[in-house]
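The values are calculated or read from the model by the stated rules, or taken from the named source; none is laboratory data. Note that the coordinates shown come from a computational prediction; the quantities given were computed from them, not determined experimentally. A quick note on method: Cβ atoms are made from the backbone with ideal geometry, for glycine too, and the neighbour counts reach across all protein chains shown. When the accessible area is computed, the model is the full protein with side chains, heavy atoms only, and any ligands, DNA or RNA have been set aside. Shrake-Rupley method; radii C 1.70, N 1.55, O 1.52, S 1.80 Å.
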Amino acid sequence: MKAVVLTADSPEPLVADVPEPGHLGKGEILVRVEAAGVCYRDLLNLRGVWPKARRPVVMGHEFAGVVVRVGDDVEDVSMGDRVAGLPYSTCGSCKYCLVGRENLCRNRRQLGEELDGSWAEYMVVNARDVVKVPKTIDAAEASITGCVLAMIIHALKDQAGVRAGETVLVTGAGGGVGLHAVMISKLLGCSVIASTSSSSKAERVKAAGADHVVVGIDQLSSRVREATGGMGVDVVLECVGAPTFEQSLRSTAWGGRIVVIGNVSVGEVKVPLGYMILRENVLVGAVGSTRRNMEEALSLLESGRLKPAITRIPVEKAPEALRILEKRESVGRLVLVF
Ligand SMILES: [Zn+2]
Ligand SMILES: [Zn+2]
C-alpha cells in the first residue's frame with residue numbers, strides 16, 4: 001500500500017510502498033483511510049521534537065475512513081462503518097480513561113509517532129478510539145475532528161468554561177486550528193477578536209466570523225482593550241504560544257482565562273505572578289480531545305452550522321503539504337486525500 005514514511009536518515013518523509021497491516025489484535029480495526037489532516041505536530045515530528053517518536057514510522061494522526069476489517073472483541077464498530085479517530089491510542093483502563101478523560105490516558109500512544117499513523121491507505125486502530133461519522137459528513141471534514149474541531153471544543157468548554165456572551169481572543173487565527181476556533185467560538189455564542197500575523201489572512205479570518213481582526217502582535221493587547229471598551233477578553237485561546245503569550249495575558253479581563261493549546265516555538269514564557277493574582281487570571285492547558293468532544297464536533301458538522309476551511313491535497317504530495325504548512329502559506333487546514 002501507499003504510505004508516507006518518516007525514516008531515520010531522510011530529512012523529509014518518503015512516499016513509499018509498504019506492506020498492508022496484517023494481523024489485527026483484540027479490539028483493533030482496520031480502516032481504509034479516506035482523508036488525513038496535516039498538523040503542525042507533524043512538522044515537529046519531522047524536526048525530531050518528540051522523544052518517544054520512532055523511525056521508521058508512517059506519519060499522520062488525523063483521519064477519517066471506512067472500517068474494512070474488525071478484530072476479536074470489537075463490539076460497537078462494524079465493517080463498512082465510516083469513522084474518524086482520536087489522534088492517539090488509549091488504554092481504556094487507566095484512571096483517566098475510566099472517567100472519560102481519555103485525552104490524558106497514561107498509556108496514550110500518539111499515532112504517526114509511537115505507532116504507525118494515518119498517512120497510508122490502511123491503518124490499524126483501537127475500536128474504542130474512533131467515533132462513527134454520519135453519512136452526510138464529508139471525509140475530509142471528518143478527518144480534522146479529533147485534533148482540530150473537538151480539540152477546540154475541549155479547550156473552550158472543558159478547560160476554559162466558556163459561556164455564551166463572553167468575549168474570546170483567538171491568537172494564530174489564520175492557522176488551521178485558529179480559523180476553526182474563530183468559527184466554533186461564534187457558534188458557542190461568543191464575540192471573537194482574532195489575531196493573525198499576516199494581513200493576507202485577515203479577510204479570511206473576518207469571513208470565518210471574527211468581530212475584530214488584529215494584524216500583528218506588537219499592539220495586540222492595546223487593540224484588544226480598544227475593542228472591549230478597556231475591559232479585555234474573558235477567554236484567550238492561545239494557539240501560538242511563546243511569541244504571543246505576554247500580549248495574550250495583557251489582553252485578558254479581570255477574572256479572565258487563558259487556555260494554551262499551541263506552542264509553535266517550543267519556547268518558555270515568563271508568567272508575572274503578581275499580575276495573575278491581583279486579576280484572578282486562570283492559566284490552563286488543553287491537550288487533544290475525547291470521544292465526547294468528537295461527537296459534539298460531528299454534530300456541529302452534521303447540522304451544517306460548522307463549515308470547515310479545508311484545502312485538499314493528494315497524499316502523494318504530503319512532503320509539499322508540510323512545506324506549505326511550514327511557510328504558513330495555507331489558510332485553514334490542509335487535508336491529504338486518497
Ligand atoms: Zn493534529
Ligand atoms: Zn488510559
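Computed values, structure above
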| item | result |
| --- | --- |
| Among the residues listed as 169, 179, 149, the single one being more than 16 Å from ligand 1 (Cβ to nearest atom), open to solvent by less than 10 Å² (accessible area, probe 1.4 Å) and not in a loop (DSSP other than H, G, I, E, B) | 169 |
| Check on residue 22, modelled with pLDDT under 95, of a type outside the set (D, E, K, R) and either within 18 Å of residue 325 (Cβ to Cβ) or assigned to a loop (DSSP other than H, G, I, E, B) (or both) | yes |
| Subset of region 154-166 [part of a helix (DSSP H, G or I) and either crowded, with 24+ Cβ neighbours inside 10 Å or within 14 Å of ligand 1 (Cβ to nearest atom) (or both)] | 154, 155, 156 |
| Criterion violated by residue 110 - all others in (1) within 16 Å of ligand 1 (Cβ to nearest atom); (2) farther than 28 Å from residue 284 by Cβ; (3) not in a helix (DSSP H, G or I) satisfied | (2) |
| Residue in region 75-94 that is among the aliphatic types (A, V, I, L, M), out of contact with any Gly (no Cβ under 8 Å at 6 or more places or on another chain) and either over 20 Å from residue 135 (Cα atoms) or part of a strand (DSSP E or B) (or both) present | no |
| Residue within region 20-28 that is in the same structural domain as residue 84 (by TED's automatic domain parsing), of a type in the set (Asp, Glu), within 24 Å of residue 261 (Cβ to Cβ) and in contact with a strand residue (DSSP E or B) (Cβ under 6 Å, 6 or more places away or on another chain) present | no |
| Odd one out for residue 17 among (1) of a type in the set (Asp, Glu); (2) closer than 27 Å to residue 179 by Cβ; (3) open to solvent by 10 Å² or more (accessible area, probe 1.4 Å) | (2) |
| Any hit, region 27-42, residues being open to solvent by 30 Å² or more (accessible area, probe 1.4 Å) and either more than 21 Å from residue 146 (Cα to Cα) or among the small types (Gly, Ala, Ser) (or both) | no |
| Selection count, region 78-96, where residues are within 19 Å of residue 145 (Cβ to Cβ) and near ligand 2 (Cβ under 8 Å from one of its atoms) | 1 |
| Test for residue 305: is it among the charged types (D, E, K, R), in the same structural domain as residue 61 (by TED's automatic domain parsing) and in contact (Cβ under 8 Å) with a residue 24 or more places away in the chain | yes |
| Hits in region 207-241 (condition: assigned to a helix (DSSP H, G or I) and not hydroxyl-bearing (Ser, Thr, Tyr)) | 207, 220, 223, 224, 225, 226, 227 |
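Yes/no matrix, rows are residues, columns are (1) at pLDDT below 95; (2) out of contact with any helix residue (DSSP H, G or I) (no Cβ under 7 Å at 6 or more places or on another chain); (3) within 16 Å of ligand 2 (Cβ to nearest atom):
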| position | (1), (2), (3) |
| --- | --- |
| 56 | no, yes, no |
| 64 | no, no, no |
| 98 | no, yes, yes |
| 113 | no, no, no |
| 133 | no, no, no |
| 138 | no, yes, no |
